[in-house]
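Each remark here refers to the structure printed beneath this line.
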Amino acid sequence: MLHSKSFVRTTRGGAVKKGVQVVREHYLRDDIYCGSPSCTVCDTKNARLSSSAPKVLVVDTNVVLNQIDLLENPAIEDVVVLSVVLEEVKNKNLSVYNRLRALCSSSARKFFVFSNEFHKDTYVKAMVGESPNDRNDRALNIFTIGRSSAIRVATQWYQNHLGGSTQVLLITNDKENKRKASGEGLSAETVETYVKSLGRPELLDLVVLPTNGDVAMEEAEDLRPSKRQVIYAEHKPMSEITSGLHRGIYHQGKLRINRYNPFEAYVGSESIGDEIVIHGRVNMNRAFDGDVVAVELLPQDQWQDVKSLSIAEDEDEEEEDVHLVPNSADDAPRNTTSDGAGGSTGLVSCRPSGRVVGIIKRNWHSYCGSLEPKPLPAGGGGIAHALFVSKDRRIPKIRIQTRQLGNLLDKRIIVTVHSWDRMSRYPFGHYVRTIGAVGDRDTESEVVLIENDINSGPFSTQVLACLPPLPWTLSPEDLANPNRQDLRHVRVFSVDPPDIADVTNFVHPGTPLDEEAACRGTSVYLVERRIDMLPKPLTEDVCSLKSDVERLAFSVIWEMTPEAEIISTRYTKSVIKSCAAMSYVEAQARMDDSRLVDPLTQDLRNLNTLAKIMRLRRIERGALTLASAEVKFQLDTETHDPLDIGMYQIREANQMIEEFMLAANVSVAEKILKHFPLCSLLRRHPVPTKEMLEPLLRTAAAVGLDLDISSSKALADSLDRAVGDDPYFNKLIRILATRCMTQAVYFCSGDLTPPEFLHYGLAAPLYTHFTSPIRRFADVIVHRLLGAALGICKLPPIFQDRAQLTSIADNLNYRHRNAQMASRASVELHTLIYFKNQPTDTEARILKIRSNGFIVFVPKFGIEGPVFLMKKGETGSEWVVDEAHQRVTKASSKICFTILQTIRIHLEVVEIQPNRKKLQLTLM
């Protein structure tokens with residue numbers, strides 16, 4: 001049967017294009033299968049439902065959109081997803097759509113997509129100008145006289161088609177839809193009623209309460225609306241927001257909440273060319289971190305606000321915890337105070353301040369944390385209301401109701417948000433699942449992964465099917481390939497490794513393996529384990545440059561003078577046979593052992609000589625030598641608990657390999673950009689603004705240093721001159737400089753102008769990542785670009801799509817950032833575990849002065865945190881802060897503490913609140 005579907009084209013603004021009407025043919029069939037293996041009419045080869053299912057569920061669009069967490073629970077099975085529902089979910093929420101598609105494609109779940117749009121008995125023709133949702137709620141019922149929805153038509157078809165052997169149940173929370181279904185003789189239930197029928201009360205915690213006229217849920221408490229007060233301003237409608245943006249009244253941007261102060265947020269606005277500061281939850285107006293918001297600027301006289309320079313304490317909900325020392329400005333606590341001279345308060349710098357007037361795009365997702373302790377309800381059963389506290393301090397407390405409070409109080413759980421009423425201090429959410437016991441290392445490690453959106457699951461069978469057969473060996477075709485040079489006769493060795501594996505020989509564009517690697521983006525390194533971007537057969541075998549084993553590589557070959565001047569550069573795919581695979585420690589030991597004069601050791605020393613020249617030349621160009629506090633743990637081989645903790649030692653061997661990797665990355669960047677000026681994947685490091693460097697300049701001035709920040713070269717020279725009596729002083733200044741820099745980011749060359757390509761930290765006009773394709777997908781992309789530049793392979797079609805390339809770069813930045821945050825969180829977790837049973841006294845350096853204490857850095861363990869000078873709850877203080885000289889003095893004595901001063905502290909794990917252990921630093 002053939003139908004025609006016609007529609008009109010519209011402009012981006014929604015206006016109809018005159019004279020443009022599109023007509024498409026729509027074929028209807030009668031041989032579309034129902035998905036039930038017990039059906040006697042349909043072909044059951046591809047059946048997905050259970051053979052003995054007592055009920056088949058048909059869900060409407062709003063059930064999918066609002067109850068996806070419930071649908072993902074294994075207790076919900078034998079679900080029919082109509083194609084009209086799938087399409088509407090795709091248009092309304094892509095994240096939920098992807099989760100639904102995963103359910104429908106999983107062989108472990110009984111979800112079946114029925115193409116009701118193409119079946120002649122279930123197709124419902126749309127009226128002119130009717131939206132998909134209107135059409136689903138209105139259609140001609142071919143089984144009964146009257147009007148019904150497309151979803152009810154399909155439900156009726158299933159009921160007739162399967163006969164009395166299986167009950168077909170429509171699941172909807174729409175009151176009118178349920179009433180009509182019952183009137184048409186269909187079985188229909190609300191989500192809550194159906195879940196109750198399963199006899200598993202814990203599943204009710206997953207049910208999202210419907211609002212706005214839907215079927216009323218059973219209330220566990222009287223919310224007493226007459227007693228409730230409006231806390232937040234009403235969000236503006238999208239029409240008003242759009243108009244305000246066009247007129248410059250409102251400003252659009254992504255809200256980013258300060259990781260160390262959840263009551264301070266920033267919205268980067270292109271329209272005013274600056275960040276807008278949002279102070280307090282009321283001005284954030286129910287916006288979450290990552291939401292795209294519309295902001296209205298406050299009057300300029302409100303841009304300055306008095307703010308205490310004291311360290312916040314626990315009951316303020318914004319206490320500053322002990323954490324790893326930040327490695328960039330993205331990790332560091334933001335500093336918006338322009339400190340006055342003396343006293344204990346200062347004024348916030350005159351930066352634009354504003355308030356959120358509307359949410360353009362929500363960033364709600366699942367959150368990990370635990371419930372605030374509270375007494376169990378009388379009788380031990382029934383619904384209890386509780387507050388969920390996320391591990392991520394940027395997330396506000398979330399109200400949930402649960403029937404299993406007693407089981408959840410000491411657990412890490414996952415909660416998702418579904419609404420936030422303007423009369424509620426906190427958003428409303430629901431329980432999703434339990435991770436494990438609070439404080440258990442495996443549980444807390446899983447929390448780290450979930451919080452940072454790290455996929456730690458096993459690779460699918462489709463991905464593993466892309467791998468070469470094992471054991472893999474070099475084939476005659478590989479050797480005969482004219483584009484691959486045989487370097488097996490050359491003395492090749494690896495130190496973490498200088499030769500680069502030819503990963504793209506095994507990871508082909510568009511394959512499930514390629515798509516999975518692109519999604520993961522990077523390998524993730526936790527203290528106790530590594531989560532690979534690629535399956536282990538590649539990372540640990542086929543693409544691992546092992547000693548005395550033939551391997552495929554992608555080589556950058558330089559001819560150099562003894563002065564490290566590059567005479568020529570050549571790129572080639574190659575075959576190598578490494579004579580040694582060394583760690584940094586092993587390579588360093590060879591170079592340091594004067595008794596060794598074998599060719600391999602001599603090669604190492606020659607390379608190290610060249611690397612030192614290259615490093616010096618790079619520094620002379622203005623490259624920064626920064627420092628970070630990298631921590632290394634010694635773990636128990638059985639329990640994986642930390643036995644010892646210390647700073648990671650950087651050796652000459654590390655710096656030697658770094659120099660050649662940097663040189664290779666620069667060379668490849670030049671090559672690919674020359675051939676593909678609009679679609680190369682490069683890496684840039686933005687120049688830090690003066691505002692970002694202000695904390696460093698203020699600290700330097702307080703200790704008598706004059707830092708020149710006019711260029712990277714000037715800053716590098718200033719840092720070289722920053723020496724003091726303390727041998728650790730220079731490294732401390734470099735650590736402070738590091739935390740003022742933003743992170744380097746990937747970008748598509750066609751998106752920016754050449755001056756913006758600069759990598760500030762390396763003082764390199766061009767840079768990319770080529771040297772680690774096993775663990776970074778960016779390098780895989782660059783390998784493909786280089787291969788195409790050499791004429792070895794064709795550039796995949798995706799490189800012609802600028803928007804998609806930009807999206808890939810954005811995902812790589814997101815994944816790279818999350819991997820770093822997960823690594824940091826893993827170190828902080830193991831630091832807490834290490835100190836749990838062994839309080840320690842150690843040295844610390846003062847980083848920031850406050851009226852009631854200071855923030856200190858502990859060099860031995862790479863952490864920083866607050867030290868209080870007053871007991872908690874004390875009012876008034878004898879301590880006087882001198883902001884100009886960055887010191888705090890006790891008025892009644894000569895006791896004085898200054899910036900960068902060395903002090904002795906005591907480290908101990910305390911549990912101030914149940915299930916919330918923290919590392920506490922106290923002055924000795």
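The values are calculated or read from the model by the stated rules, or taken from the named source; none is laboratory data. Keep in mind it's a predicted model, so treat the numbers as computed, not measured. When we count neighbours, we look across all protein chains shown, and the Cβ atoms used for this are built from the backbone with ideal geometry, even at glycine. These accessible areas exclude ligands, DNA and RNA; they are computed on the full protein's heavy atoms, side chains included. Shrake-Rupley method; radii C 1.70, N 1.55, O 1.52, S 1.80 Å.
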ask   = If we keep just the residues of segment 722-741 that are touching a helix residue (DSSP H, G or I) at 6+ places or on another chain (Cβ under 7 Å) and part of a loop (DSSP other than H, G, I, E, B), which is surrounded by the fewest Cβ atoms within 10 Å (Cβ to Cβ)?
value = V723
ask   = Out of the residues in segment 795-840 that are of a type in the set (F, W, Y) and open to solvent by less than 20 Å² (accessible area, probe 1.4 Å), which is nearest to K860 (Cα to Cα)?
value = F835
request  = Pick out, from segment 582-688, the helices (runs of 4 or more DSSP H) lying fully within it that include 1 or more residues that are among the β-branched types (V, I, T) and more than 24 Å from H783 (Cβ to Cβ).
outcome  = 584-592, 599-620
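Matching residues to (1) open to solvent by 70 Å² or more (accessible area, probe 1.4 Å); (2) more than 30 Å from T569 (Cβ to Cβ):
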| site | (1), (2) |
| --- | --- |
| L682 | no, no |
| H685 | no, no |
| M692 | no, yes |
| T699 | no, yes |
| S710 | yes, yes |
| D720 | yes, yes |
message = Quick check on segment 195-214. Is at least one of its residues in a helix (DSSP H, G or I), β-branched (V, I, T), modelled with pLDDT of 90 or more and out of contact with any strand residue (DSSP E or B) (no Cβ under 9 Å at 6 or more places or on another chain)?
response = yes
note = When restricted to H830, H783, the only residue within 27 Å of the chain's Cα centre (by Cα) and either more than 30 Å from V556 (Cα to Cα) or of a type in the set (A, V, I, L, M) (or both) is H830
ask   = Within segment 430-445, restricting attention to residues that are without any contact (Cβ under 8 Å) to a residue 60 or more places away in the chain and touching a Ser or Thr at 6+ places or on another chain (Cβ under 8 Å), which residue is farthest from M533 (Cα to Cα)?
value = A437
ask   = R228 is checked against (1) charged (D, E, K, R); (2) modelled with pLDDT under 80; (3) touching a Pro at 6+ places or on another chain (Cβ under 9 Å); (4) open to solvent by 40 Å² or more (accessible area, probe 1.4 Å) and fails just one. What number does that condition carry?
value = (3)
inquiry  = Of everything in segment 164-208, what is within 22 Å of N407 (Cα to Cα) and touching a residue at least 12 places away in the same chain (Cβ under 8 Å)? Give them in sequence order.
reply    = E192, V195, L198, R200, P201, E202, L203, L204, D205, L206, V207, V208
request  = Restricting attention to segment 72-93, report how many residues are touching a residue at least 40 places away in the same chain (Cβ under 8 Å) and surrounded by 18 or more Cβ atoms within 10 Å (Cβ to Cβ).
outcome  = 5
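Residue by residue, here is whether (1) in a helix (DSSP H, G or I); (2) out of contact with any helix residue (DSSP H, G or I) (no Cβ under 9 Å at 6 or more places or on another chain); (3) among the aliphatic types (A, V, I, L, M); (4) not assigned by TED's automatic domain parsing to the domain that holds L696 holds:
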| residue | (1), (2), (3), (4) |
| --- | --- |
| A822 | yes, no, yes, yes |
| M870 | no, yes, yes, yes |
| K894 | no, yes, no, yes |
| E911 | no, yes, no, yes |
query = Which one is least open to solvent (accessible area, probe 1.4 Å) among residues in segment 370-397 that are at positive phi and out of contact with any helix residue (DSSP H, G or I) (no Cβ under 8 Å at 6 or more places or on another chain)?
reply = G382
Residue among V631, V597, V585 that is open to solvent by 70 Å² or more (accessible area, probe 1.4 Å) and within 34 Å of the chain's Cα centre (by Cα) = V585
Subset of segment 765-780 (residues that are open to solvent by less than 10 Å² (accessible area, probe 1.4 Å) and in contact with a His (Cβ under 9 Å, 6 or more places away or on another chain)) = F770, P773, A778, D779
query = Do the conditions hold for I849, that is, is it assigned to a strand (DSSP E or B), in contact with a strand residue (DSSP E or B) (Cβ under 7 Å, 6 or more places away or on another chain) and crowded, with 21+ Cβ neighbours inside 10 Å?
reply = yes
remark   = Within segment 59-107, the residues that are charged (D, E, K, R) and within 22 Å of C519 (Cβ to Cβ) are D69, E72, K90, R99, R101
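One line per residue, one yes/no per condition, for (1) of a type in the set (A, V, I, L, M, F, W, C); (2) more than 30 Å from E446 (Cβ to Cβ); (3) assigned to a loop (DSSP other than H, G, I, E, B):
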| residue | (1), (2), (3) |
| --- | --- |
| L762 | yes, yes, yes |
| L785 | yes, yes, no |
| G791 | no, yes, yes |
| S826 | no, no, no |
| H830 | no, no, no |
query = When you look at V85, is it in contact with a helix residue (DSSP H, G or I) (Cβ under 6 Å, 6 or more places away or on another chain) and within 20 Å of T122 (Cβ to Cβ), yes or no?
reply = yes
